[in-house]
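To keep things clear, I will list the structure first and then write my remarks on it.
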Amino acid sequence: MKGLIIVNQNIGHNQYKIDRFKEECSKRNIELDVFINDGTLAEIVNNEVKINLPKADFVFYLDKDIYLARLLEKANYRLFNRADFIKTCDDKMLTFIVCANMGIRMPKTIAGPLIYTDLKEENYKFLDKVADELGFPMVVKKVYGSLGEGVYLVKEKEELRRLYSEIARNPVIFQEYVKNSYGQSIRVLIIDGKVFGSFIRKNNADFRSNFGDTASSIKLKKGAKYEDFAQDIADKLKIEYAGIDLLVYENEEPILCEINSNAFFEEFEKVTSLDVAKAVIDMVVRKVNAHE
């Protein structure tokens, strides 16, 4: 069996995943080659998709480049995860749209209108409705971002207006602030459609549990209801692999924060002592052999 890893030019935390996947694949005599997505891996030539990669039974797709992912799928490469799921998770508003009407508890969420020109006074009137609906403090997020970047806690109207003037040209969402979860979130890892384990992330210096050097992780005690909540999401979205991040709502009930299709697992393996890489490879081998 032969597999590929495709990773962004900024490898970052993916290096750990690459090393662990290579380690586990070597135990099974699975050939695994790594390619950096530098813009040369696929193109459209003479009206046809041309892939500048070797044939492979599967691809670990450790990037968010949807264009390359779709080109690979059009050429019949089997991606983990698939392009549609990567897109659903990478776009924070799309995540909540997909999960809506499914009985999944989510914060009240409002999508900002797209802005194509310089802001005019009339553009700020939208913020009045946002303030009325959500109150203060509220959370404002750029739709695209990771590791807590582009996520803001806004405490009053002038601050909201000032922030909006800076980021309005980006797709943004406005959300209810879940005060019970200040500086903490629960990560539940899904592998092969099932809960594999969970831990809690805490940050005593910031409302974002996963932001900066002050964030830390510990084992989650009494996590059954959070894992059950995440399993329900996994079932409804037919998730193969993901990290589902939950916040602590009223009465310590879980509420969805976001879903990560390319969840890092270095911290997870250290905190839980669970072998994520082995479980992922087991899933991939089973699905490839079953042509799923």
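The values are calculated or read from the model by the stated rules, or taken from the named source; none is laboratory data. Bear in mind the structure is a predicted one, so any value in this text is a computation, not a measurement. All Cβ positions, glycine included, derive from the backbone under ideal geometry; neighbour counts span all protein chains shown.
For the range 46-68, a residue qualifies if it is under 21 Å from the mean Cα position of the chain (by Cα) and acidic (D, E), and the qualifying residues are D63, D65. Would you call S216 of a type in the set (S, T, Y), closer than 27 Å to F21 by Cβ, within 20 Å of the chain's Cα centre (by Cα) and surrounded by fewer than 21 Cβ atoms within 10 Å (Cβ to Cβ)? In short, yes.
Using beta carbons and a limit of 7 Å, which pairs, at least six apart or on different chains, have the first residue in the range 108-132 and more than 14 Å from F174 (Cα to Cα) and outside the structural domain of I97 (by TED's automatic domain parsing) and the second one small (G, A, S) and in a helix (DSSP H, G or I)? What qualifies is L119/S165. Would the range 69-80 turn up any residue that is assigned to a loop (DSSP other than H, G, I, E, B), within 20 Å of the chain's Cα centre (by Cα) and either over 14 Å from N260 (Cβ atoms) or modelled with pLDDT of 95 or more (or both)? The answer is yes; a qualifying residue exists. When the range 80-133 is filtered for residues that are of a type in the set (S, T, N, Q) and on the phi < 0 side of the Ramachandran plot, the ones remaining, listed by number, are N81, T88, T95, T109, T117, N123. Residues considered: A69, A111, A75. Of these, the only one that is farther than 17 Å from K238 by Cβ and buried (at least 16 other Cβ atoms within 10 Å of the Cβ) is A69. Counting only strands (runs of 3 or more DSSP E) that sit wholly inside the range 1-51, those with at least 1 residues that are modelled with pLDDT of 95 or more and acidic (D, E) are 31-37, 42-45, 48-51. For the range 64-81: of the residues being among the basic types (K, R) and touching a residue at least 24 places away in the same chain (Cβ under 8 Å), which is farthest from V49 (Cα to Cα)? Out of the qualifying residues, it is K64.
No other residue among S198, S165 is assigned to a strand (DSSP E or B) and hydroxyl-bearing (S, T, Y) apart from S198.
State yes or no: is A242 in a helix (DSSP H, G or I), surrounded by 19 or more Cβ atoms within 10 Å (Cβ to Cβ) and within 15 Å of the chain's Cα centre (by Cα)? In short, no. Selection of the range 139-162 for residues being modelled with pLDDT of 95 or more, part of a loop (DSSP other than H, G, I, E, B) and farther than 19 Å from L114 by Cα yields K155, E156. Scanning the range 245-258 for residues that are within 14 Å of the chain's Cα centre (by Cα) and aliphatic (A, V, I, L, M) yields L246, L256. Out of I186, I218, one residue alone is in a strand (DSSP E or B) and in contact with an Asp or Glu (Cβ under 8 Å, 6 or more places away or on another chain). It is I186.
The combined condition, being of a type outside the set (A, V, I, L, M) and under 18 Å from the mean Cα position of the chain (by Cα), is fulfilled by S261. Listed by first and then second residue, the pairs with beta-carbon distance under 6 Å, at least 6 apart or on different chains, first residue in the range 175-187 and more than 12 Å from P254 (Cβ to Cβ), second assigned to a helix (DSSP H, G or I), are E176/L134.
In the range 81-117, of all residues being part of a loop (DSSP other than H, G, I, E, B) and closer than 18 Å to N8 by Cβ, the one that is farthest from the chain's Cα centre (by Cα) corresponds to R82.
Restricting attention to the range 249-268, which residues are more than 19 Å from C89 (Cα to Cα), surrounded by fewer than 20 Cβ atoms within 10 Å (Cβ to Cβ) and touching a residue at least 24 places away in the same chain (Cβ under 8 Å)? Selection gives Y249, E250, E252, E253, E266, E267.
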